[in-house]
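The values are calculated or read from the model by the stated rules, or taken from the named source; none is laboratory data. Note that the coordinates shown come from a computational prediction; the quantities given were computed from them, not determined experimentally. Using ideal geometry, Cβ is built from the backbone for each residue, glycine included, and neighbour counts are taken over all protein chains shown. Accessible surface areas use protein heavy atoms only, side chains included; no ligands, DNA or RNA. Shrake-Rupley method; radii C 1.70, N 1.55, O 1.52, S 1.80 Å.
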Amino acid sequence: MDLWLIWLIVAAVLAVAEIFTLTAALGMLSAAALVTAVSAAVGLPLPFQFLVFTTVATATVLFVRPIALRHVLQPQVQRFGVDALVGRAAYVVSEVTGQGGRVRIDGEEWTARAYDDTLVIPAGKTVDVIEISGATAIVYPRD
């Protein structure tokens, strides 16, 4: 079996392992094995193939992996769905108590409860959405 084919198989195995681990390290080693497969196909002797693999693997793990992880692990910039409603202002449509009520958030009507069970928020007031619990907005009156 040709050496370039062995390196190609190693690259494929490392790429599949990367899919299951998501560490980015095995992906970098897979790339190094792929570059080494190309150097083996060109006819580089085995000791130099190991040198190519070691050099490329070290360079990718030390320099490329931190950049890739930084991009992958960035916090989500924008909130979506019900998470985007937290912190928004809402208009009380019908009186909101600790047991229930209705508010309008961005044109949509939601069931609501007061954050504090002792509060009674009359219709027409503006409230802040503290959290969303299922299909119910937990609200607190603005002062």
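Data for the structure
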| item | result |
| --- | --- |
| Filter pass, Ala59 being closer than 30 Å to Ala135 by Cα and surrounded by 10 or more Cβ atoms within 10 Å (Cβ to Cβ) | no |
| Subset of segment 36-87 (residues that are basic (Lys, Arg) and closer than 30 Å to Ile105 by Cα) | Arg79 |
| Counted residues, segment 42-83 - those being free of Cβ contacts under 8 Å to residues at least 40 places away in the same chain and under 30 Å from Asp143 (Cα atoms) | 5 |
| Residue in segment 109-126 that is small (Gly, Ala, Ser), farther than 30 Å from Ala15 by Cβ and under 23 Å from the mean Cα position of the chain (by Cα) present | no |
| Residues of segment 3-27 classified as open to solvent by 80 Å² or more (accessible area, probe 1.4 Å) and modelled with pLDDT under 90, total | 1 |
| Close pairs (7 angstrom Cβ cut-off, 6 or more residues apart or separate chains): on the phi > 0 side of the Ramachandran plot in segment 13-27, in a helix (DSSP H, G or I) anywhere | Ala24/Arg65; Ala24/Ala68; Ala24/Leu69 |
| Test: residue in segment 97-104 that is at pLDDT 90 or above, of a type in the set (S, T, N, Q), out of contact with any strand residue (DSSP E or B) (no Cβ under 8 Å at 6 or more places or on another chain) and farther than 30 Å from Leu26 by Cα | no |
| Restricting segment 84-98 to residues that are of a type in the set (A, V, I, L, M), within 15 Å of Pro141 (Cβ to Cβ) and open to solvent by 30 Å² or more (accessible area, probe 1.4 Å), the residue that is nearest to the chain's Cα centre (by Cα) | Ala89 |
| Test: residue in segment 129-141 that is part of a loop (DSSP other than H, G, I, E, B) and open to solvent by 100 Å² or more (accessible area, probe 1.4 Å) | no |
